[in-house]
Amino acid sequence: MLNRRNFLKISGLAAAYSVLPLWLSACDRAAPSAIAQPTWELEAPTNGDHRSRVAIRHLLNRLSYGPLPGQIEQVQALGWDAYLEQQLNPSQLDDSALEQQLAQFTTLKLSSAHLIEHYPKGANGPRLIMRELQAASLLRAASSQRQLFELMVDFWSNHFNIYIGKNQVKWLKTADDREVIRQHALGKFRDLLLASAKSPAMLVYLDNAENVRPGVKVGKKMLGLNENYARELLELHTVGADAGYSQADVQAVARVLTGWTITRANSEQPGLFQFLPKFHDVMAKRIDFLQLDLAADGEIEEGELLLKLLAEHPKTAQRLAYKLCLRFVSDDPPADLVERVAQAYLQHDTDIRAMLNMLVNSAEFLAAAQQKIKQPMHLLISAIRATNSSITKQAFKGKNNLLDQLETLGQMFFNWPPPDGYPQISSAWINTGAMLSRWNLAFALAEGRIDGLKTDVPKFAKQPSQASELVDTLADYLNLSLAAESRASLIDYLNDSQSPNPTVDQTKIAGLLGLLLTSPEFQLC
């Protein structure tokens, strides 16, 4: 069995890792002058080339969770523009096979009220709800034909981060995922922002459900303003911390959103959004940085106006454009591209598709191949897809299941407690422990040690063959273009005799697959 203890020693890939600047930037904080520069280069597309295998591989690495075996050729035949058009309009793509698989998760389509009533605290009900939502999210990412849509669902889930473990969120996040994020992931950001502001899960997570006008008394408890959601709405969801607003503006935004709450557990339909005028601050308000004056006696409409103005603000356009370029292009997004994507947002009425269309068709996007390290979730799912592994029901129930793997990697769905979402910079995910977890995952998959995940090593790999032929064939199956040094290291691993044409020891096939999945070429996208 090949594992992390002898991985570096026998693979010969240590040098490849040690000279990869992206990896080293987060390892040991070595001084730039001490970092050896790579002697090899990864294959990248050239300007204006949208039809080559290299360009299509880059497109699939960024607009999906990684190419399936043979998919590069399929998309080459379809064409860059046609593939992008399909992905931007996911209703065109048939996902009925996935829907049949999702039927195993009985809580996905249930209302929050039903979940609150029938899955009570203390009876393992909340845990079942959370695990089914997380499992469904993983299955969708791995198996959906609507890959860009699933990436954008994850992007917006991260942007509007809600920690599923907080209080009533356990029962409310399922509806948020279904009716907020998935409903608007490729629509207008203005609509998505409003839906998020009214989401019971968000109202509980960022405490706006408790945000009332000063002096309100509930029972024996005196309540008042809660600025938590107002602050994160400005800093994280829209204009950003550098937009020029003041603490007085934060307080005014909080006052505008008083009375935005949820129906309580003892109501007829618990867990729904409601506006309670008796809890709303009806005094006149002024938000200086928006130059917005709101007259006295306003109700829910003043909050809806505020959200509209925030969605349409140039600072919001800039911030969203930057985050999209960070996610899909590079860790240091080109300023010119960020500006063009922001203008597409403003010129197309906050349309998310317009931003993506501008981004993906840019020269900067094409030139950014293999400049980002896959985040843990992306890595796991891309390995499943690259090996054409099938996911059975046991994959979410066994002792060593897929969710356990994802949790070990540190990026479980909806499991980031702070409101800022999982970090998107590559270096945040690379340290000694994280690398060992990545290697363990690769070999567990290659050796069939993940419950419910069936990885069929191609039949050609089971036939006697020369080491060089097997490395090339399996790398091609995984849609990898190996640097010369990586290829030589892998051939050396397979060869254990001095014969000029040795055949491969079949016990090393799984090891080769694991090494390919741990290679820099696979870890980068």
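Considering each residue of the range 404-433, count those that are assigned to a helix (DSSP H, G or I), touching a residue at least 40 places away in the same chain (Cβ under 8 Å) and crowded, with 18+ Cβ neighbours inside 10 Å, and give that number.
Taking the range 404-433 as the starting set, the residues that turn out to be assigned to a helix (DSSP H, G or I) are 404-409, 426-429, 432-433.
The next check asks that each one be touching a residue at least 40 places away in the same chain (Cβ under 8 Å); those that pass are 405-406, 426-429, 432.
Filter once more, so that each one left must be crowded, with 18+ Cβ neighbours inside 10 Å: 405-406, 426, 429.
Residues in the range 404-433 being assigned to a helix (DSSP H, G or I), touching a residue at least 40 places away in the same chain (Cβ under 8 Å) and crowded, with 18+ Cβ neighbours inside 10 Å: 4 in total.
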| message | Quick check on my filter: what residues within the range 91-130 are out of contact with any Phe, Trp or Tyr (no Cβ under 7 Å at 6 or more places or on another chain), closer than 22 Å to W416 by Cα and part of a helix (DSSP H, G or I)? | response | R127, M130
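Consider the range 330-349. How many of its residues are surrounded by fewer than 22 Cβ atoms within 10 Å (Cβ to Cβ) and either under 20 Å from C525 (Cβ atoms) or not hydrophobic (A, V, I, L, M, F, W, C) (or both)? Talk me through it step by step, then tell me what you get.
Quick first cut of the range 330-349, residues surrounded by fewer than 22 Cβ atoms within 10 Å (Cβ to Cβ) only: 330-336, 339-340, 343-344, 346-349.
The next check asks that each one be either under 20 Å from C525 (Cβ atoms) or not hydrophobic (A, V, I, L, M, F, W, C) (or both); those that pass are 330-334, 336, 339-340, 343, 347-349.
Residues flagged as surrounded by fewer than 22 Cβ atoms within 10 Å (Cβ to Cβ) and either under 20 Å from C525 (Cβ atoms) or not hydrophobic (A, V, I, L, M, F, W, C) (or both) within the range 330-349 amount to 12.
How many residues does the range 390-431 contain that are small (G, A, S), touching a helix residue (DSSP H, G or I) at 6+ places or on another chain (Cβ under 7 Å) and under 20 Å from Q104 (Cα atoms)?
Pass one, the range 390-431, residues small (G, A, S): 390, 395, 398, 410, 421, 426-428.
Subsequent filtering for residues that are touching a helix residue (DSSP H, G or I) at 6+ places or on another chain (Cβ under 7 Å) retains 395, 410, 421, 426.
From what's left, under 20 Å from Q104 (Cα atoms): 395.
Residues flagged as small (G, A, S), touching a helix residue (DSSP H, G or I) at 6+ places or on another chain (Cβ under 7 Å) and under 20 Å from Q104 (Cα atoms) within the range 390-431 amount to 1.
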| message | Between S382, S468, which is touching a helix residue (DSSP H, G or I) at 6+ places or on another chain (Cβ under 7 Å) and either of a type in the set (S, T, Y) or over 23 Å from L515 (Cβ atoms) (or both)? | response | S468
| query | Quick one: which of A317, A395 is hydrophobic (A, V, I, L, M, F, W, C), in a helix (DSSP H, G or I) and either touching a His at 6+ places or on another chain (Cβ under 6 Å) or modelled with pLDDT under 95 (or both)? | reply | A395
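Which of the helices (runs of 4 or more DSSP H) found entirely inside the range 146-263 contain at least 2 residues meeting this: closer than 19 Å to Q274 by Cα and out of contact with any helix residue (DSSP H, G or I) (no Cβ under 7 Å at 6 or more places or on another chain)? Write out each step before concluding.
Details: elements: 147-159, 169-176, 189-197, 200-205, 228-232, 247-256.
Qualifying helices (runs of 4 or more DSSP H): none found.
Within the range 204-253, take every residue that is of a type in the set (S, T, N, Q) and surrounded by 19 or more Cβ atoms within 10 Å (Cβ to Cβ) and give me the one that is farthest from L309 (Cα to Cα). Walk me through how you get there before you give the answer.
Going residue by residue through the range 204-253, those that are of a type in the set (S, T, N, Q) are 208, 211, 226, 228, 238, 246-247, 251.
With the extra rule that they be surrounded by 19 or more Cβ atoms within 10 Å (Cβ to Cβ), the set shrinks to 208, 211, 238.
Working: N208: 19, N211: 21, T238: 10 Å.
Here the residue is N211.
Which residues, counting only those in the range 128-151, are touching a residue at least 24 places away in the same chain (Cβ under 8 Å), more than 17 Å from G452 (Cα to Cα) and not β-branched (V, I, T)? Outline the logic, then answer.
Applying the first criterion (touching a residue at least 24 places away in the same chain (Cβ under 8 Å)) to the range 128-151 yields 129-151.
Checking which are more than 17 Å from G452 (Cα to Cα) leaves us with 129-130, 133, 144-151.
Correct list: M130, L133, S144, Q145, R146, Q147, L148, F149, E150, L151.
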| request: Answer yes or no: is there a residue in the range 268-278 that is touching an Asp or Glu at 6+ places or on another chain (Cβ under 6 Å), more than 21 Å from I352 (Cβ to Cβ) and among the aromatic types (F, W, Y). | output: no
| task | Would you tally the residues in the range 170-192 being in contact with a Phe, Trp or Tyr (Cβ under 9 Å, 6 or more places away or on another chain), under 22 Å from A209 (Cβ atoms) and surrounded by fewer than 22 Cβ atoms within 10 Å (Cβ to Cβ)? | result | 1
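So if I check each of L324, L309, which one is under 26 Å from M377 (Cβ atoms), of a type outside the set (G, A, S) and touching a residue at least 12 places away in the same chain (Cβ under 8 Å)? Steps first, answer last, please.
Details: L309 fails: under 26 Å from M377 (Cβ atoms).
Unique residue meeting the criteria: L324.
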| Which ones in the range 57-82 are in a helix (DSSP H, G or I) and aliphatic (A, V, I, L, M)? | L59, L60, L63, I72, V75, A77, L78, A82
| field | Out of A265, A311, sole residue that is among the aliphatic types (A, V, I, L, M) and either surrounded by 23 or more Cβ atoms within 10 Å (Cβ to Cβ) or modelled with pLDDT of 95 or more (or both) | value | A311
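Considering only residues that are part of a helix (DSSP H, G or I) and acidic (D, E), look in the range 302-314 and name the one that is nearest to the chain's Cα centre (by Cα).
Here is the first cut: in the range 302-314, the ones part of a helix (DSSP H, G or I) are 302-311, 314.
Subset that is acidic (D, E): 302, 304.
On the way: E302: 33, E304: 28 Å.
The residue in question is E304.
The values are calculated or read from the model by the stated rules, or taken from the named source; none is laboratory data. Quantities reported herein were computed from a predicted structural model and do not represent experimental measurements. Backbone-built Cβ (ideal geometry, glycine too); neighbour counts: all protein chains shown.
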